[in-house]
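*Asks:* Starting off with a structure, shown below.
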Ligand code: SF4
């Protein structure tokens, strides 16, 4: 019930890349209500996470004071009794994930001065003894643009290494590699609401309703108004109910499927010849490959879709409409495309499909890789990537490097740094000895986490900055209590390229501090002056070093933000559609890259006969540290499960709802089996949110050679009754 003393604060949802505009009602430093605001992003809509998933910020398990590991708590290892990767039946305590009673005794409380001095001393000590390349940092796509900018500046300019990365590596690194290579920009070409202008919408490798729920409402609305929806996915989901065609392809066969579609388009004369001639290069090589190797009858044996259905889908994309126009098609994709060892090839095929059919640069067309975290676009824009400074300016380019050396007042390393999985491998091999992890939880989010456990345990020094004692913090030497999303001002860039200001809603508990201030505190102690009066001032420095953010300020972003690029600060809303006349490539043309079909890295065999696919559920977010501490969300979806087709359950003699063990070559977990007809026969699906049955015990750390993204969507497993 509203009270007269309540105050309202406008902000943005902390979860997915849709970036819904929110309004929080606050009473006595507590959030009591969240509503959607009117904005081009969400038109007042919110999903269950945005509407109810904010109470984690007030959870009693918040870290409120710096912690230092006790001398007798070495050697390091997972401290909580609810150990990942065993068949333990011990259940977590209600409302928590890590068992605080077991973990906290390994640490003692410290003052900020003592903790920060120790961090600076140990990081600079490792630098002196082993060189800058022995240090690395993981930032976070949950942090603001300002925090991401300062974090990469600290690593590059303060500690002298480009070994700085974040979870974009686990998300759309392969999509960005393909987009940069082919059209010269990693961002989306059209905003998702532009689906209203599309004749055809292709959704592939994305359970949009679960992972980008409000964006899915725009797709459903478009379908009701006449847009044809094509869904291509090995797993069924609720959006397929709206589809005119649902191609349930075999896991990992995307390249074969899309090459076959392109085969039909070329063979039947359904491509946009003028667009191909004027705006692309590489057509002859692509044509040669797809006509030779990917006739529908050939591809059908790989992807499992009947040749006639492949032809029907290609004709939906390419055949002129009744009024003679070519259909306008907007393509959305998710991690079902990107998280493969051939993820870059998958994205290259989608880009070629759009270029062949002239579906870039116009309303109702384009390429939209749906960004996962609320600021994965912005953290990447801000330079939280090992090979590029802010705005994707390569560290290896001498002129660009000189520009940043002038701005930051230090000499910079010309070598691109290591990526997430490479850093973990480096820690195992002792080439990486010290790490600063800000807001990421690689002990649950990275692939093959028994290897991650060994890597984190073997670091000489680890400082973790977080709001909870997340699983990764169990390996820390120093833990710094951070501010939650609701406790600071900062900008966040959504999947559309919309830069929005998230406003401070609450004060932080105890001694928890603003993340950007903690980064500056460490920087000053290692000899890099970082003095800013506010996060708005940090934003100004970042924006001035970029082309795309230049001219934007906290003030002129207003209450609903602006899209980048924004030609001038007075521009109403920024640019909705990119590349109307040329691509930002050397030739100005889009590149068609032929991609032969390659199988996944680890195929099923007699010992491990099933394919594991991992992902998210609607109610939870990544490693669960926020959503599993949100009462409503945890109540809806409290337990880990593996989804298995009923035919596979019968064949295995397993009863729906009973406990099973799932094993791969890397470990075993135990969880509940759920019958699910949307899962392809021969595959299983496990959400990766649950520590007590961590899916990433099972996954492989094999990487895509271009985007260096791991193959979360495919590895071989066995399922047995527990
Ligand atoms: Fe938040 Fe995404 Fe849901 Fe919007 S769709 S409320 S941004 S989780």
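All of the numbers you see were taken from the coordinates with simple rules; none came from a lab. Because the structure is predicted, anything quoted here is derived from the model rather than measured. Every residue, glycine as well, gets a Cβ built from its backbone with ideal geometry; the counts of neighbours run over all protein chains shown.
*Asks:* Can you tell me the length gained on complete extension of the stretch residue 572 to residue 325, counting 0.36 nm per residue apart and subtracting the Cα distance?
*Replies:* Here the answer is 85.8 nm.
*Asks:* So how tilted is helix 283-293 from the main axis of the chain? Cα-based, degrees 0 to 90, rounded to 10.
*Replies:* 80
*Asks:* So what is the relative contact order of the chain, in percent, for Cα pairs below 8 Å that sit 6 or more residues apart?
*Replies:* That works out to 21 percent.
*Asks:* What ratio of Cα Rg to 2.2 N^0.38 Å holds for the range 144-301?
*Replies:* 1.29
*Asks:* If you take the square roots of the eigenvalues of the alpha-carbon gyration tensor of the range 396-543 and sort them as a ≥ b ≥ c, do you get rounded (a/c under 1.5), prolate (a/b over b/c) or oblate?
*Replies:* oblate
*Asks:* Measuring from label point to label point, each 7 Å out along Cα→Cβ, what is the residue 454 to residue 9 span in nm?
*Replies:* Each label point lies 7 Å from its Cα, and together they span 4.5 nm.
*Asks:* I need the shape label for the range 504-611. Rule: rounded when a/c is under 1.5, else prolate if a/b > b/c, else oblate, with a, b, c from the alpha carbon gyration tensor.
*Replies:* It is oblate, given that a/c is not under 1.5 and a/b is not larger than b/c.
*Asks:* If I stretch the segment between residue 244 and residue 635 completely, what's the gain in nm (0.36 nm per residue apart, minus their alpha carbon distance), one decimal?
*Replies:* 137.3 nm
*Asks:* Is the range 190-275 rounded, prolate or oblate when judged by the Cα gyration tensor, a ≥ b ≥ c being the square roots of its eigenvalues, rounded requiring a/c under 1.5 and prolate requiring a/b larger than b/c?
*Replies:* oblate
*Asks:* Tilt of helix 173-183 relative to the longest C-alpha principal axis of the chain, in degrees (0 to 90, nearest 10)?
*Replies:* Result, in degrees: 50.
*Asks:* Extending each Cα 7 Å along its Cβ direction at residue 658 and residue 70, get the distance between those two points in nm, one decimal.
*Replies:* Label-label distance for residue 658 and residue 70, simple model: 4.4 nm.
*Asks:* I would also like to ask the following. Run the numbers on the range 610-721 and let me know its relative contact order in percent, using alpha-carbon pairs under 8 Å that are six or more apart.
*Replies:* Answer for the range 610-721 is 37 percent.
*Asks:* Tell me the Kirkwood hydrodynamic radius of the range 610-721 in angstroms, computed as one over the mean inverse distance between distinct C-alpha pairs.
*Replies:* 14.4
*Asks:* Give the separation of the Cα centroids, the range 647-711 to the range 356-410, in Å.
*Replies:* Going from one Cα centre to the other spans 34 Å.
*Asks:* Please list the radius of gyration and Dmax for the range 231-321, considering alpha-carbon atoms only, with Å as the unit.
*Replies:* When restricted to Cα atoms, the range 231-321 yields Rg and Dmax of 13.6, 39 Å.
*Asks:* Diagonalise the Cα gyration tensor of the range 7-58 and give the resulting equivalent ellipsoid semi-axes, square root of 5 times each eigenvalue, largest first, whole Å.
*Replies:* 18, 12, 8
*Asks:* Starting from the Cα of residue 61, move 7 Å in the Cα-to-Cβ direction to define the label point; list residues of the range 482-500 whose amide nitrogen is under 13 Å from there.
*Replies:* none
*Asks:* Please grab the % of Cα pairs in the range 453-501 that end up more than 18 Å from each other.
*Replies:* So the portion of pairs separated by more than 18 Å is 50 percent.
*Asks:* Would you calculate a helix-derived [θ] at 222 nm for the chain, using -39,500 (n - 2.57) for each DSSP H run of n ≥ 4 and dividing by the full residue count, to the nearest 500?
*Replies:* Computed ellipticity for the chain at 222 nm equals -8000 deg cm²/dmol.
*Asks:* Which order do the peptides 389-397, 487-495, 357-365, 524-532 come out in when sorted by mean C-beta neighbours inside 10 angstrom, highest first?
*Replies:* My ranking of the peptides, most packed first, is 487-495, 357-365, 389-397, 524-532.
*Asks:* So, R0 is 35 Å and r is the distance between the beta-carbons of residue 540 and residue 102; what FRET efficiency does that work out to, to 0.05?
*Replies:* Using R0 = 35 Å, I get an efficiency of 0.20.
*Asks:* Separate question: Using a basic spin-label model with each label point 7 Å from the Cα along Cα→Cβ, how many nm lie between residue 114 and residue 285?
*Replies:* 6.1
*Asks:* Calculate I(q)/I(0) for the chain by the Debye formula, one identical point scatterer on each C-alpha and no solvent, and give its log10 at q = 0.09, 0.10 Å⁻¹ to two decimals.
*Replies:* -0.76, -0.96
*Asks:* Something else about it: Against the longest alpha carbon principal axis of the chain, how many degrees, from 0 to 90 and to the nearest 10, is the axis of helix 213-224 turned?
*Replies:* Tilt relative to the chain: about 20 degrees.
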